[in-house]
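What follows is a single structure, written as structure tokens, with notes after it.
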Amino acid sequence: MKKSIIFFALLISIGPVLFAQKTITQDERMQWWRDARFGMFIHWGLYAIPAGEWKGKEYPQIGEWIMKNAKIPVVEYEELAKQFNPVKFDARAFVATAKNAGMKYITITSKHHDGFAMFKSNASKYNIADATPYGKDVIKALSEECQKQNMKMCFYYSQSRDWHEPNGLDNDWDFPKERNFQKYLDEKVKPQLTELLTNYGPVGMIWFDTPLDISKEQAQSLKDLVRKLQPECIISGRLGGGVETDYMSTGDNVIPATVIPGDWEVPATLNNTWGFKKNDHNWKSPEVLTRLLFDISAKGGNYLLNVGPTSEGLIPQESVDILAKVGDWMKINNECIYGTKASPYNIEFKWGNITRKPGKLYLGILNWPTTGFYLEGLKNKVKKVYLLADKGQKALPFKETFDKINDHHRLKIELPKQAPDKVISVVVVEIEGPASVETAICQQADKSILLPGLSAVAQKEGQPAELKFTARGGGADWRDATISLTWNFKVEKAGTYQIDLVTTETGSHGTPVWQGGQKVKISCAGQEQETTITDERREYNQRSQYWKLIHTSGGKIKFDKPGTYDLSLIQKSFTENKIGFTFKEISLNPVK
Ligand code: FHN
């Protein structure tokens, strides 16, 4: 037989095996993202030119929404494209800023709600390469640089909202009449997604946003397209239509109150806006950001932190500087972030939080103790304890004890006097076996007892009831006075305790709202206390920086002896308001 015939015969028999697309599991698809934990969001587009101001008027809302907020007609907004000339854009600088902060992926707006594509598109000439004096494809430059520097490149794409298109959703000032949304999907969205997933190498993720009225079938067709073109590409949580995606996206700047199982991500701003605004200087400090990064990792999520480049193509210097400081901490401590899993505990500690890897717990301590440090409720045998910042990993003295009467484990660690870090100091606890912790609520080392709403049993007239809590841990729509919350907890130290009732602000981050006036009754250890919710003390919440915590003192309770107790809380009456009782937690603190 001729050689060529043998070759073709072979090709026919093994060809399908050679060229069949490898099926990829969900775990394989998510692996890099789970390891990464920290990414950079980039909101960049024509809105960087008005930068928050239109025809002399400043708009207080987020910068990339100026077209909608100022109801700018399409023809006028299009004029911005003719001015867009980001000559200072340097893909290397963007990637370097992300790398220097310890970020492992970049998600850039390829098309935001204004409909303008930041990449060369044959589906719509309204794009950076065809409609601007700049004339170059920034997405291409950034993708190539990301590939060179081993940074995952991901694309944000606004699939439903498109203020430029008569058939896209949400522009009712230019296009008040009926629209053919399917036509827009077929003629713009699908061709552009195809371009993004064909012309830029491997894409880490498509970050869909604001699904609005997209139907199940329509959303599914977008998912199918992504899967067909790049099966390894992750699909973000905001596709819509009830279609399952690869992970959950929290609300903007919303950090959950507790551990959430599964994959999720917090998209967050560095100041108040996403797209550049010249007068928004309300920057979060590197300290706050670092603490939030640790806290989000400890709850099992990723942090996608935004920068908004200027119309010249520069990431604002303030952002670069702030991120560099987060990076300083990451350079020493990144082991407690990358590839970690959530805390084994389902509560936040006053002192900080915990991340873990097999055989290791990382205690992120915000407030360095002046006396001994105690970790309550860890059942594992501890092998070694050391500071993550200590390259020599010098062993720190520790002692594990078990209190049989209270069935309670305690780990005491002798920490050095001086905290290794002003922001978060990380203590590594090496343990035997998988982390195992007590589930009962127990008293902390400072003798306080924390009863979070999220851990309570809700009842209505003696039957199990459902009371919803927001991601921030505050009761959502709690107006029903027949619902009670009950906790069971251990008290080690008899004595009198002050009740601190904590509620939280809620609503959007620009305008948080809160309302008190509810009358509540607390029953515990045969005693009852009634109080009215007022804002005696407002406190900045390190974990949900936009929404303050509000404290009301709820009287005192006396525990005659150590033991296990129940405490229940009911609303006796409530004020008619839109918000309801945004109860978060009760803290019992020993009276000195
Ligand atoms: O409307 C957008 C907003 O402009 C921004 O892109 C954020 C980022 O998460 N997403 C939408 C609002 O949730």
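For K177 and K561, what does the FRET efficiency come to when R0 = 60 Å and r is the distance between their Cβ atoms, rounded to the nearest 0.05?
After rounding, the FRET efficiency stands at 0.20.
Could you check what % of the DSSP bridge pairs in the chain are antiparallel, to the nearest 5?
75
Could you line up F94, F398 from fewest to most neighbouring Cβ atoms inside 10 Å?
Ascending number of Cβ neighbours within 10 Å: F398, F94.
Take the residue pairs K148/K190; K68/K190; K490/K561; K379/K417; K68/K136 and return only those whose Cα atoms are more than 18 Å apart.
K148/K190; K68/K190; K379/K417; K68/K136
Report the label-to-label distance for N199 and D186 in nanometres (one decimal), using points 7 Å from each Cα along the Cα→Cβ vector.
2.3
What is the gain in length, in nm to one decimal, between E461 and D407 on full extension, counting 0.36 nm per residue of separation less the C-alpha to C-alpha distance?
Roughly 16.2 nm would be gained on extension.
Over 25 Å between C-alpha atoms is what I'm after, so list which of K404/K558; K120/K284; K140/K188; K223/K341; K99/K383 land there.
K120/K284; K223/K341; K99/K383
Just check the stretch 150-288 against the gyration tensor rule for me: Cα atoms, a ≥ b ≥ c as the square roots of the eigenvalues, rounded for a/c under 1.5, and otherwise prolate or oblate depending on whether a/b exceeds b/c.
oblate
Sequence-distant or interchain residues sharing an amide H contact under 5 Å with G359, placed H: which?
Hits under the 5 Å cutoff: A435.
Where does the charge balance sit around I206 when Lys and Arg score +1, Asp and Glu -1, over other residues with C-beta under 13 Å from its C-beta?
Around I206, the surrounding residues sum to +3.
So for the pair A471, N282, with labels modelled 7 Å out along Cα→Cβ, what separation do we get in nm?
According to this spin-label approximation, the distance is 1.8 nm.
So if each residue of separation counts as 0.36 nm, and I subtract the Cα-Cα distance between K325 and S448, what length gain in nm does that give?
40.9 nm
Calculate the FRET efficiency for R227 and N589 from the Cβ-Cβ distance with a Förster distance of 56 Å, rounded to the nearest 0.05.
0.60
Counting pairwise Cα distances across the stretch 417-555, what percent come out greater than 24 angstrom?
Taking all Cα-Cα pairs of the stretch 417-555, the fraction more than 24 Å apart is 45 percent.
Length gain on complete extension for the stretch D390 to Y59, per 0.36 nm per residue less the alpha carbon to alpha carbon distance?
Contour length minus the Cα-Cα distance gives 114.3 nm.
So if R0 is 35 Å, what FRET efficiency would K381 and K99 give, r being the distance between their Cβ atoms, rounded to the nearest 0.05?
0.35
Once you order the gyration tensor axes a ≥ b ≥ c over the Cα atoms, which shape class does the stretch 313-462 get: rounded for a/c under 1.5, otherwise prolate or oblate by comparing a/b with b/c?
Oblate, since a/c reaches 1.5 and b/c is not below a/b.
Tell me the label-point distance for the pair E400, K417, using the 7 Å Cα-to-Cβ offset, in nm and rounded to one decimal.
Placing both labels 7 Å along Cα→Cβ, they lie 3.1 nm apart.
Rounded to the nearest 500, what is the 222 nm mean residue ellipticity of the chain from helices alone, with -39500 (n - 2.57) per DSSP H run of 4+ residues and division by all residues?
One gets -6500 deg cm²/dmol as the mean residue ellipticity at 222 nm.
Please report the projected area of the chain's Cα convex hull averaged over all directions, in nm².
Directional mean of the projected Cα hull area for the chain stands at 34.1 nm².
Values quoted throughout were computed directly from the atomic coordinates according to the rules given, and no laboratory measurement underlies them. Nothing here was measured: the structure is a model prediction, and the numbers come from that model. We place every Cβ from the backbone using ideal geometry, glycine too, and count neighbours over all the protein chains shown.
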